[in-house]
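Only one structure is covered here, and it is reproduced in the block below.
The values are calculated or read from the model by the stated rules, or taken from the named source; none is laboratory data. Worth saying up front: this structure is predicted, and the values here are computed from it rather than measured. Please note: Cβ atoms are built from the backbone with ideal geometry, for glycine as well, and neighbour counts cover all protein chains shown. For accessibility, only protein heavy atoms count, side chains too; no ligands or nucleic acids. Shrake-Rupley method; radii C 1.70, N 1.55, O 1.52, S 1.80 Å.
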Amino acid sequence: MTARPQVVVVGAGPAGIRAAEALASAGLVPLVIDEGERAGGQIYRRPPDALSRPPAVLYGSEAGKAVALHATFDRLVAQGRARHWPRCAVLAVAERSLQVLGPEGVSTVRFDRLVLATGATDRLAPVQGWDSPGVYSLGAMQVALKAQAVALGRRIVLAGSGPLLTLVATQLLAAGARLEAVLDTASLADQLRGLPDLMTRPSLTVRGLAMRARLARLYRPGVRLGAIETDARGPVAVTWHDAWGRPRRSPCDAVGLGWHLRAETQLAELAGCAFDFDETWRQWLPRGDAMGRGAEGVYLAGDGFRLRGADGAELSGRLAGAACLEDLGLPVQRTAADLAALSRVSRFAQGIARAFPWPRDMVRQTPDGTVVCRCEGVTAGMVRAAAAHGGADVNRAKSLGRVGMGRCQGRYCQIAGAEIVAAAAGHASPAQAGRLRGQAPVRPAPVAAIAGPAAAVDPLQGDR
Amino acid sequence: MDNPGESRGRVVRLAGHGREPLAFTLDGIAHGALSGDTVLTAVLAVAPALRGGDPREGNRAGFCLMGACQDCWMWQEQGPRLRACSTPIAAGMRLLTRPPGDWP
Ligand code: FES
């Protein structure tokens with residue numbers, strides 16, 4: 001065995017794949033660990049073979065990018081230039097090693113350098129009734145459609161804000177699903193504010209407007225959401241006020257919710273990255289330089305680093321790979337063009353954030369009886385009571401109020417919970433309420449798997 | 001598609017009807033699924049929830065479909081719990097919406 005440095009890439013979406021490609025171009029053999037069955041990530045997710053459909057059907061205007069990305073990764077693996085562990089979740093990072101839960105149990109993987117391309121999940125805000133079965137994230141609606149060719153209900157209401165709202169709505173309609181309403185909490189005034197930055201990528205903006213035109217009167221901007229009315233089976237209607245303040249009610253049996261994205265950052269934290277509160281995205285993001293250097297030997301890329309979408313993920317993945325090579329003293333291809341392209345993409349992303357903002361006031365005014373934490377049934381009133389006791393600190397509120405303690409480990413409640421804690425303390429920004437500290441395992445693991453002897457696996461030797 | 005249980009289901013199949021059918025059971029009752037389905041799709045095609053009965057939790061039908069929320073755990077008559085959104089259905093699976101010990 002040579003002294004070839006062991007680089008592990010976590011995540012096989014656009015960022016992870018481009019990082020692996022950059023690393024392989026210098027002769028390294030990165031190990032790519034991913035939770036998915038097949039590489040591609042969420043956005044370019046590949047359905048199981050039995051459900052395969054033409055790329056144009058699955059990925060629309062992005063089909064060319066999806067096909068190129070999949071081909072790149074499949075080739076790297078086939079040629080032995082990268083190694084792929086699918087269906088593997090990284091549970092913890094410590095001392096230059098990862099604890100990985102795969103189909104055969106838990107193993108320990110050593111690394112010299114680590115590239116984190118962990119992506120993002122939907123950013124959620126609590127709505128009364130959202131803990132009912134039949135309420136899903138917008139991302140879930142899209143996964144169901146793309147990977148399973150199903151709609152998650154017979155009459156669907158989509159609500160929230162951000163590019164995914166319009167995209168999922170048009171994809172569902174095109175596939176033959178029945179939509180009752182598409183409710184955007186962003187007003188047209190908000191959207192105009194984003195326009196100057198959005199025009200850095202005019203073709204994308206035009207495509208978004210065309211999609212919106214296809215939704216016609218289903219699409220409602222400037223909506224104030226009321227509640228999801230439910231019975232024992234699930235949702236029966238969504239109540240809302242339109243932009244003129246008129247009360248409305250949309251009957252449905254399924255609801256998709258989402259307010260753009262929340263970066264998946266637990267591993268970056270465990271790997272020692274520092275965090276800053278980003279006011280634009282209204283969330284804590286790991287600190288890193290323009291190339292994605294996060295901590296000693298740790299590189300960040302994709303939406304888990306900065307929410308710049310799929311094109312930004314490919315660029316930042318390549319840059320993170322280059323940064324890693326540079327730090328190892330290996331030859332690097334030119335990065336100037338990628339850096340310039342990434343700064344354009346970043347500006348567009350800022351426009352998106354401005355045009356489709358986090359519904360700060362709605363979250364701050366969440367009624368006391370509304371569930372904030374779906375896992376544990378913690379209500380906004382309980383969060384406020386915990387904040388009153390523990391001071392305006394999310395970690396105290398967590399230990400007192402259990403918000404962020406559930407199965408999802410706060411993924412779907414911590415941003416809203418922090419907003420409510422901050423509001424209760426009279427803070428303008430959740431930054432003043434502190435950041436919820438993460439802990440391993442970042443995915444629930446069977447107790448037996450954690451307690452069992454961890455087999456040390458050398459990524460260059462241990463084959464699967 | 002003529003399974004009477006399907007009207008109780010939540011999901012609507014929009015494409016991919018021509019796949020290989022396979023059989024599984026949910027709480028002891030036989031149902032059909034299609035190869036390529038996840039456990040979540042297969043179960044929600046014939047039932048409104050993946051899990052129920054726990055008064056504190058209520059009924060659960062998944063939330064994220066990408067392995068992040070852990071809302072979709074189910075039990076099997078034998079063997080480990082499984083995460084329905086990221087487990088492919090297999091012929092002969094015997095799934096439960098409640099822990100095995102819970103059965104009368
Ligand atoms: S639905 Fe979220 S983990 Fe399965």
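Of all the residues in region A:291-327, those that are closer than 27 Å to A:Gln414 by Cα and assigned to a loop (DSSP other than H, G, I, E, B) number 6.
Take the conditions part of a strand (DSSP E or B), hydrophobic (A, V, I, L, M, F, W, C), open to solvent by 20 Å² or more (accessible area, probe 1.4 Å) and within 14 Å of chain B (Cβ to nearest Cβ) and apply them to A:Leu164. Does it pass? No, not satisfied. Could you look through region B:69-100, keep only residues that are in contact with a Gly (Cβ under 9 Å, 6 or more places away or on another chain) and within 11 Å of the ligand (Cβ to nearest atom), and pick out the one that is farthest from the other protein chains (Cβ to nearest Cβ)? Taking the candidates together, the pick is B:Ala84.
Given the options A:Ala147, A:Ala181, name the one that is at pLDDT below 95 and buried (at least 22 other Cβ atoms within 10 Å of the Cβ).
A:Ala147
For A:Thr121, are the conditions met, namely being assigned to a strand (DSSP E or B), among the polar types (S, T, N, Q) and within 11 Å of another protein chain (Cβ to nearest Cβ)? Answer is yes for this residue.
Checking the stated criteria, A:Gly139 turns out not to satisfy the condition of being within 14 Å of another protein chain (Cβ to nearest Cβ) and more than 16 Å from the ligand (Cβ to nearest atom).
On inspection, B:Arg60 does not qualify as more than 8 Å from chain A (Cβ to nearest Cβ), within 10 Å of the ligand (Cβ to nearest atom) and crowded, with 18+ Cβ neighbours inside 10 Å. Of all the residues that make up region A:28-58, how many are touching a residue at least 60 places away in the same chain (Cβ under 8 Å) and away from every other protein chain (no Cβ under 14 Å)? Qualifying residue count for the region: 4.
The single condition among (1) within 12 Å of chain B (Cβ to nearest Cβ); (2) farther than 30 Å from A:Gly381 by Cβ that A:Val93 does not satisfy is (1).
Out of B:Ala15, B:Ala23, B:Ala49, one residue alone is open to solvent by 10 Å² or more (accessible area, probe 1.4 Å), touching a residue at least 40 places away in the same chain (Cβ under 8 Å) and facing another protein chain (nearest Cβ under 7 Å). It is B:Ala49.
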